[in-house]
Amino acid sequence: MPFRDPALALNDILEGIGKIEQFVQGYGLNDFAADEKTVAAVERKLQLITEAAVRLGDQAEVLCPEIAWRDIRGIGELAASPV
C-alpha cells in the first residue's frame with residue numbers, strides 16, 4: 001500500500017541513510033564485518049529503507065526518477081532469500 005504522503009517515506013529513507021553513515025563512520029571493511037552489532041544495525045536500516053521504497057510505489061519514480069528504485073526495493077528481496 002503506497003504512502004498517502006510520500007514525504008514521510010522519503011524522510012524515513014534519508015534518516016536511514018544518515019544513521020548508516022553514522023554507524024560505519026571510521027570503519028574499514030574488515031572492522032565493519034567484525035562488528036556484529038554494527039552489521040545488524042546497518043541491515044535493519046537497509047530493511048527500513050527498502051520497505052519505505054516499496055511503500056512509495058509508483059510515486060517514487062515520479063518524484064525522483066534519477067534513483068534506481070528497483071535496485072533499492074531489491075535489497076529487501078536479497079535479504080529475505082536464503083544464503
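Every number in this text was worked out from the coordinates using simple rules, so none of it is lab data. If you're wondering where the values come from, they're calculated on a predicted model, not measured in any experiment. Cβ coordinates were reconstructed from backbone atoms using ideal geometry, including for glycine residues, and neighbour counts include every protein chain displayed.
Here Asp12 qualifies as touching a residue at least 40 places away in the same chain (Cβ under 8 Å) and either of a type in the set (D, E, K, R) or in contact with a Gly (Cβ under 6 Å, 6 or more places away or on another chain) (or both). Screening the candidates Arg70, Arg55 for the property of being surrounded by fewer than 16 Cβ atoms within 10 Å (Cβ to Cβ) and assigned to a helix (DSSP H, G or I) yields one hit, Arg70. Selection of first residues in region 50-77 that are closer than 14 Å to Leu8 by Cα and of second residues that are in a helix (DSSP H, G or I) and among the polar types (S, T, N, Q), restricted to Cβ pairs under 9 Å at least 6 apart or on distinct chains, gives the following pairs, ordered by first then second residue: Ala52/Asn11. Taken over region 32-47, the residue count meeting the criterion of being buried (at least 16 other Cβ atoms within 10 Å of the Cβ) and under 20 Å from Asn11 (Cα atoms) is 4. Check whether at least one residue in region 30-43 is in a helix (DSSP H, G or I), closer than 16 Å to Trp69 by Cα and among the hydroxyl-bearing types (Ser, Thr, Tyr), and report yes or no. Among the residues of region 30-43, not one is in a helix (DSSP H, G or I), closer than 16 Å to Trp69 by Cα and among the hydroxyl-bearing types (Ser, Thr, Tyr), which makes the answer no.
For Leu29, state whether it is surrounded by 14 or more Cβ atoms within 10 Å (Cβ to Cβ), free of Cβ contacts under 8 Å to residues at least 60 places away in the same chain and out of contact with any Asp or Glu (no Cβ under 7 Å at 6 or more places or on another chain). Explain how you work it out, then say what you get.
Details: surrounded by 14 or more Cβ atoms within 10 Å (Cβ to Cβ): no; free of Cβ contacts under 8 Å to residues at least 60 places away in the same chain: yes; out of contact with any Asp or Glu (no Cβ under 7 Å at 6 or more places or on another chain): yes.
Answer is no for this residue.
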